[in-house]
Amino acid sequence: MKIQELRQLTPKKLSEELTKTKRSLATAKFQTKTGKNQNFAQIKTLRRLIARILTLLSQSKNNPQTTSEK
């Protein structure tokens, strides 16, 4: 999901997306450890997506009017 798409989401939807992404990260890590997943880049991508979501949530708490208008 791109940052432009994330900016259009409400804080509640961002929290739901964060939960879903954290679950996906845990699954990807587990599959990598067990040898079922060889896509190591997926873990990096998910970690970055989580960071983006957390940043947007933080911004919406600090300045609620600017994040929803962009």
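We did not get these values from a lab; they are worked out from the coordinates using the rules stated. Note that the coordinates shown come from a computational prediction; the quantities given were computed from them, not determined experimentally. Virtual Cβ from ideal backbone geometry, glycine too; neighbours counted across all protein chains shown.
Can you give me the Rg/Rh ratio for the chain, using Cα atoms for both radii and the Kirkwood formula for Rh?
1.08
Out of residues 5 or more away from Asn37 or on other chains, whose amide H comes under 5 Å of its own, with H placed 1.01 Å from N in the peptide plane?
Thr32
Choose one of Ala41, Thr55, Phe30: the residue whose Cα lies farthest towards the positive end of the charge dipole of region 21-69 (beta-carbon charges +1 Lys, Arg; -1 Asp, Glu; about the Cα centre).
Phe30
I'd like the Karplus ³J(HN,Hα) series for region 7-16: coefficients 6.51, -1.76, 1.60, θ = phi - 60°, whole numbers in Hz, and an x wherever there's a Gly or Pro.
Result, ordered by residue: 5, 7, 7, 6, x, 5, 5, 5, 5, 5 Hz.
For region 21-69, calculate the relative contact order in percent as a whole number, restricting contacts to Cα pairs under 8 Å that are 6 or more residues apart. Don't skip to the answer; put the middle values down first.
On the way: 22 pairs, mean separation 15.3, N = 49.
Value for region 21-69: 31 percent.
Within a 10 angstrom radius of the beta carbon, how do Ser58, Ser24 rank from fewest other beta carbons to most? Mind showing how you got there, number by number?
Working: Ser58 11, Ser24 16.
Lowest to highest Cβ neighbour count: Ser58, Ser24.
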